[in-house]
1. Can you tell me which residues in the stretch 73-93 are more than 14 Å from the chain's Cα centre (by Cα), more than 16 Å from ligand 2 (Cβ to nearest atom) and under 30 Å from residue 168 (Cβ atoms)?
2. Could you check, for the stretch 224-234, whether at least one of its residues is within 22 Å of residue 34 (Cα to Cα) and surrounded by fewer than 14 Cβ atoms within 10 Å (Cβ to Cβ)?
3. Give the residue that is nearest to ligand 2 (Cβ to nearest atom), with candidates limited to residues of the stretch 173-184 that are closer than 26 Å to residue 242 by Cα and touching a helix residue (DSSP H, G or I) at 6+ places or on another chain (Cβ under 8 Å).
4. Among what's in the stretch 143-164 and is in a loop (DSSP other than H, G, I, E, B) and out of contact with any helix residue (DSSP H, G or I) (no Cβ under 7 Å at 6 or more places or on another chain), pick the residue that is surrounded by the fewest Cβ atoms within 10 Å (Cβ to Cβ).
5. Can you pull out every residue in the stretch 197-222 that is within 16 Å of ligand 1 (Cβ to nearest atom), in a helix (DSSP H, G or I) and surrounded by fewer than 15 Cβ atoms within 10 Å (Cβ to Cβ)?
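Computed from the coordinates by the stated procedures, all read-outs in this text should not be read as laboratory data. In this text the structure is predicted, and so the values were computed from the model without any measurement. Please note: Cβ atoms are built from the backbone with ideal geometry, for glycine as well, and neighbour counts cover all protein chains shown.
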Ligand SMILES: N[C@@H](CCC(=O)N[C@@H](CCS)C(=O)NCC(=O)O)C(=O)O
Ligand SMILES: [Fe+2]
């Protein structure tokens, strides 16, 4: 009985967010790639049709391009939150499939792209824009993209649901990550929805309020956080040795 009530409440909440997105003219889709458990996000202006993809995956580039065409959208940007270590980005191939689309990444990532962005820059699509917030710590170039009304933020691997990005390779640094999350993500409104770069447990979305209260790593003080991060002992991502060099060139792009 309780389960049914909870499921109905979750569905109602989900419908509310979809209705909000539809009523203000924002098209929003969360897409999934199951091998690396990566989320890709499509955002677009329903009226002007301008669209942006965040963190597309090479193996799903055709799926994403088809969806964009089916919805009659014009993809102007394919943006990465960082230089990924666990999958090859789809941006290079999407540029070929959807001519006119520009790749975007932070300058600090060290990766190649058409457009480099920095802290505070805005990426416009129709009447909406994403503000780039620099959230290093998982990698030097990690960005969190915040929707203009601060109702949603795309955290990449800086903040995961009840977790965070590891800090034991690329330019990882636990202290830097702790500071990034507290100053740039936890300072957003409590009801801001947080969409991560990955989830390994089947969760899809969280909020600033939830993570400030429930994140088992980031609710700790800085010293405890550093200890946790230095003792994760995770195996290396399976694709790291091919993904990082490819992503430094924007995936599979120009010859
Ligand atoms: N098993 C996966 C890799 C899992 C992993 O290392 N994920 C990274 C994010 C992608 S770079 C991470 O930061 N994880 C933090 C954590 O606590 O899990 C694979 O082989 O691809
Ligand atoms: Fe990552």
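1. 92, 93 - these are the residues of the stretch 73-93 that are more than 14 Å from the chain's Cα centre (by Cα), more than 16 Å from ligand 2 (Cβ to nearest atom) and under 30 Å from residue 168 (Cβ atoms).
2. Going through the stretch 224-234, the residues within 22 Å of residue 34 (Cα to Cα) turn out to be 234.
Filter again for surrounded by fewer than 14 Cβ atoms within 10 Å (Cβ to Cβ), leaving 234.
Scanning the stretch 224-234 turns up at least one residue that is within 22 Å of residue 34 (Cα to Cα) and surrounded by fewer than 14 Cβ atoms within 10 Å (Cβ to Cβ).
3. 177
4. Applying the first criterion (in a loop (DSSP other than H, G, I, E, B)) to the stretch 143-164 yields 148-151, 157-158, 161-162.
Narrowing the set further to residues that are out of contact with any helix residue (DSSP H, G or I) (no Cβ under 7 Å at 6 or more places or on another chain) leaves 148-151, 157, 161.
On the way: 148: 14, 149: 12, 150: 14, 151: 17, 157: 25, 161: 23.
Step by step, filter the stretch 143-164, then rank; the result is 149.
5. At the first step, the residues of the stretch 197-222 found to be within 16 Å of ligand 1 (Cβ to nearest atom) are 197-203, 206, 211, 214-220.
Remaining after also requiring in a helix (DSSP H, G or I): 211, 214.
214 - this is the single residue of the stretch 197-222 that is within 16 Å of ligand 1 (Cβ to nearest atom), in a helix (DSSP H, G or I) and surrounded by fewer than 15 Cβ atoms within 10 Å (Cβ to Cβ).
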